[in-house]
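Here, each number is a calculation from the coordinates, and none is a lab measurement. The structure displayed is predicted, hence computed values, not measured ones. Here Cβ is always computed from backbone atoms with ideal geometry, including for glycine, and neighbour counts include all displayed protein chains.
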Amino acid sequence: MRESGILLPIASLPSKYGIGAFSKYAYQFIDMLGAANQKYWQILPLGPTGYGDSPYQSFSTFAGNPYFIDLETLAYEGSLTKEECEAYDFGRNDRYIDYEKIYLSRFKVLRTAYERTYPEIKNSGDFKKFIESNAYWLDDYALYMSVKNYFASRSWSEWDRDFRLRKETTIEKFKSEYEHEIDFFKFIQFKFDEQWSKLKLYANRNGIKIIGDIPIYVAYDSSDAWTHPELFQFDENEKPVAVAGCPPDSFSPTGQLWGSPLYDWDYHKKTSYEWWIKRIAYCFKLYDVVRVDHFRGFDRYYSIPYGAPTAENGTWEKGPGYDIFEELGKRLGKLDIIAEDLGFLTDSVSRLVKKTGFPGMKVLQFAFDPRENADYLPHNYDKNCVVYTGTHDNETIIGWYDNLDDDHKEFVRDYLGIDSSQEKDINWKFIRLAFSSVANLAIIPLQDYLGLGNEARINKPSTVGSNWKWRLLEGELTDDLIEKIRKLTILYQR
């Protein structure tokens with residue numbers, strides 16, 4: 001079936017209080033998707049953001065981002081007052097997120113809601129059920145965040161030894177003394193789950209499926225790494241032996257040093273991938289479809305010695321291959337997964353993607369780059385793929401085209417069958433190219449529908465400090481634009 005959708009992070013939605021949330025604007029966006037005949041809303045990871053404000057560096061692979069809890073909903077429920085919500089500075093620029101101000105304000109106002117409502121919620125059946133059903137990750141996460149606060153937000157690798165190595169008497173004493181603090185983080189996750197579940201249900205009832213996104217790796221500074229060191233390639237002091245990244249290429253001469261701990265795949269295999277079973281099962285509670293970032297890491301992964309200043313001296317190591325997906329299929333049934341198979345692909349990666357049956361990704365910006373594989377050109381597609389004009393890591397189509405040299409632009413024009421006088425609205429020509437392809441699914445970032453330049457770019461890989469900030473302004477997604485998207489969707493039978 002030919003379908004289409006729009007990519008827009010939750011954080012990029014319009015809403016009050018500095019960042020997109022599960023607010024009335026999220027519900028309005030779902031209505032707009034329906035009016036435009038779209039069937040999918042693709043978002044970025046929902047976890048609490050860590051280093052560099054990146055959703056791919058989260059404090060937990062299971063927990064939800066407290067920033068997405070809608071404060072207006074809490075005020076409507078009586079947990080907060082409007083005055084309490086407006087007492088903090090969440091940032092004055094609606095176009096770009098000010099994460100420092102969000103960080104300094106959001107937890108304070110959530111704590112006010114917690115103190116006011118906790119005596120009542122603590123004894124509620126819904127709260128107890130949530131805690132019990134999610135205890136396998138929630139207990140660890142709430143403890144981890146409480147200890148992290150105790151150590152002034154430092155990474156767990158910098159905590160006192162007894163905490164870092166989870167000495168039983170030390171941890172039990174902390175749990176006893178800081179029970180109320182630990183419950184605060186459980187309360188936050190309860191409200192996140194409550195609000196997200198309602199929003200997803202609304203989307204599904206209106207014919208919209210949610211495409212979620214998970215990074216293959218977890219952050220070193222995370223509850224996952226602290227509480228389950230056996231999952232990773234750690235030494236006896238629970239320091240990484242090696243970390244993840246990408247080797248040098250024409251985009252990055254020293255490679256990409258992500259710093260995420262690498263998995264001990266032998267251990268995972270011995271446990272029949274139990275942790276992965278839980279992780280993927282939980283993802284399919286949150287989302288209808290899951291995009292797995294850096295899928296090639298399941299075939300072979302790049303291992304960089306811990307402490308290396310760059311990614312130049314890493315080595316390729318063998319991953320679990322098809323074995324993990326065979327086990328996931330046995331335990332969870334057919335999985336609606338999108339494999340992020342971008343970049344230089346070896347034959348073994350291509351064989352793995354084909355064997356799983358998962359659709360891969362085709363990004364049109366890569367199709368016109370001689371450094372990349374011609375498989376990204378639409379005439380080479382098969383139906384089982386997802387085509388994008390760009391992803392959250394790309395420039396916008398307008399920004400990308402403006403930055404092309406003359407030779408690349410000529411290639412683009414030749415392929416599109418236009419001349420230089422027809423470059424206006426180049427974004428729509430690429431959207432049409434995606435929609436007209438045989439790909440079963442076409443996903444377009446909202447910035448490309450809006451015809452925005454790189455001022456609206458979400459992320460520039462290998463950089464820190466100016467990413468994940470762009471937001472849609474209220475009123476930018478007009479009725480005229482929605483109608484234009486709807487007509488194009490019908491024209492290409494999506």
Can you tell me what the convex hull of the Cα atoms of the range 391-437 projects to on average, as an area in nm²? 3.5
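Rounded if a/c is under 1.5, else prolate if a/b beats b/c, else oblate: with a ≥ b ≥ c from the C-alpha gyration tensor eigenvalues square-rooted, which is the range 92-241? Provide the component values of the computation, followed by the final result.
Details: a/c = 1.56, a/b = 1.35, b/c = 1.15.
Judged from the Cα gyration tensor, the range 92-241 comes out prolate (a/c at least 1.5, a/b above b/c).
For the chain, what's the relative contact order in percent, using C-alpha pairs closer than 8 Å and at least 6 residues apart? Intermediate results must be reported in sequence, preceding the final value.
Working: 826 pairs, mean separation 92.1, N = 494.
Reported as a whole number, the value is 19 percent.
Is the C-alpha gyration tensor of the range 198-291 telling us rounded, prolate or oblate? Criteria: a/c under 1.5 is rounded; beyond that, a/b larger than b/c is prolate, otherwise oblate.
On the way: a/c = 2.69, a/b = 1.49, b/c = 1.81.
Note, shape of the range 198-291 comes out oblate.
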Note on the range 1-146: contact order normalised by length, alpha-carbon pairs under 8 Å, 6 or more apart, percent, works out to 20
Using θ = phi - 60° and the Karplus form 6.51 cos²θ - 1.76 cosθ + 1.60, what ³J(HN,Hα) does each residue of the range 320-327 get, whole Hz, x for Gly and Pro? x, x, 5, 3, 5, 6, 5, 5
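How big is the charge dipole of the range 80-161 about its Cα centre, in debye rounded to the nearest 20, if each Lys and Arg gets +1 on its Cβ and each Asp and Glu gets -1 on its Cβ? Spell out each step's value before the answer.
On the way: 14 positive and 15 negative charges, 8 e Å.
Dipole about the Cα centre, nearest 20: 40 debye.
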Once both labels are modelled 7 Å past Cα along the beta-carbon direction, what's the Glu158-Tyr27 spacing in nm? 4.2
Using a 7 Å offset from Cα along Cα-Cβ at Thr310, what residues in the range 223-249 end up with backbone N under 19 Å from the label point? 243-249
Difference of contour (0.36 nm per residue) and Cα-Cα distance, Thr271 to Ser133: 47.5 nm
Roughly how big is the range 347-494's charge dipole about its Cα centre, with Cβ charges of +1 (Lys, Arg) and -1 (Asp, Glu), in debye to the nearest 20? 740
Which angle from 0 to 90°, rounded to the nearest 10, does the C-alpha axis of helix 426-436 make with the longest principal axis of the chain? 90
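Report, in listed order, any pair from Lys362/Lys469; Lys82/Lys209; Lys239/Lys469; Lys167/Lys191; Lys198/Lys487 with a Cα-Cα distance greater than 27 Å. All intermediate terms of the calculation are to be shown ahead of the outcome.
Details: Lys362/Lys469 25 Å; Lys82/Lys209 33 Å; Lys239/Lys469 32 Å; Lys167/Lys191 31 Å; Lys198/Lys487 30 Å.
In this structure, Lys82/Lys209; Lys239/Lys469; Lys167/Lys191; Lys198/Lys487 lie more than 27 Å apart at Cα.
Give me the Kirkwood hydrodynamic radius of the range 242-283 in Å, from all C-alpha pairs, to one decimal place? Write out the running numbers ahead of the final one.
Working: mean 1/r = 0.0809 Å⁻¹.
Computed over the range 242-283, the radius equals 12.4 Å.
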Short version: what are the Cα gyration tensor semi-axes of the range 338-494, square root of 5 times each eigenvalue, largest first, in whole Å? 24, 19, 18
Helix 168-177: inclination vs the chain longest Cα principal axis, degrees, rounded to 10, gives 80
The range 69-88 and the range 402-461 have their Cα centres apart by a whole-number Å value of 41
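Taking neighbour Cβ counts within 10 Å as the exposure measure, how do Lys39, Lys334, Lys200 sort from fewest upward? Let's see the in-between values first.
On the way: Lys39 17, Lys334 7, Lys200 21.
Exposure proxy ranking, most exposed first: Lys334, Lys39, Lys200.
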In the range 302-358, what chymotrypsin sites (Phe, Trp or Tyr not before Pro) fall in a loop by DSSP, with at most 13 other Cβ atoms inside 10 Å? Phe344
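Only four residue types carry charge here, +1 at the Cβ of Lys and Arg and -1 at the Cβ of Asp and Glu. Report the dipole size of the chain about the Cα centre in Debye, rounded to the nearest 20. Intermediate results must be reported in sequence, preceding the final value.
Numbers: 61 positive and 75 negative charges, 253 e Å.
Using only the charged Cβ atoms, the result is roughly 1220 debye.
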Taking every DSSP bridge whose two residues both lie in the chain, the antiparallel percent to the nearest 5 is 35
What is the Cα centroid distance between the range 1-60 and the range 249-309, reported in whole angstrom? 23
Can you list residues whose amide H is under 5 Å from Asp264's amide H, if they're 5+ apart or on another chain and H is modeled 1.01 Å from N? Phe232, Gln233
Rounded to 10°, Cα long-axis angle of helix 99-121 versus longest principal axis of the chain: 50
Of [x] 24, 54, 22, 1; [y] 24, 59, 17, 1; [z] 22, 57, 20, 1, the label for P(r) over Cα pairs in 20 Å bins from 0, in percent derived from the coordinates: [z]
15 Å Cα-Cα reach of Lys460 towards aspartates and glutamates, excluding residues that sit fewer than 8 places from it in its own chain: Asp53, Asp393, Glu395
Fully extended contour minus Cα-Cα distance, from Asp375 to Val438, at 0.36 nm per residue: 21.4 nm
Karplus-derived 3J(HN,Hα) from phi for the range 263-268 (6.51 cos²θ - 1.76 cosθ + 1.60, θ = phi - 60°), whole Hz, x at Gly and Pro, runs 6, 8, 5, 5, 5, 4
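Using the 10 angstrom Cβ neighbour count as an exposure proxy, how do Met1, Met361, Met145 rank, fewest first?
Working: Met1 8, Met361 22, Met145 25.
With the sparsest Cβ surroundings first, the list reads Met1, Met361, Met145.
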Using modelled amide H (1.01 Å from N, peptide plane; none on Pro or chain starts), what sits under 5 Å from the amide H of Leu7, excluding residues fewer than 5 places away? Gln42, Ile444, Leu446
Taking neighbour counts of Cβ atoms within 10 Å as a proxy for exposure, in what order, fewest first, do Asp405, Asp448, Asp235, Asp221 appear? Asp405, Asp235, Asp221, Asp448
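For the range 1-154, rounded, prolate or oblate, judged on the Cα gyration tensor with a ≥ b ≥ c (square roots of eigenvalues), a/c < 1.5 rounded, else prolate if a/b > b/c?
Values: a/c = 1.43, a/b = 1.34, b/c = 1.07.
It comes out rounded by the Cα gyration axes.
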Separation of the Ser197 and Asn403 label points, Cα + 7 Å toward Cβ, nm: 4.2
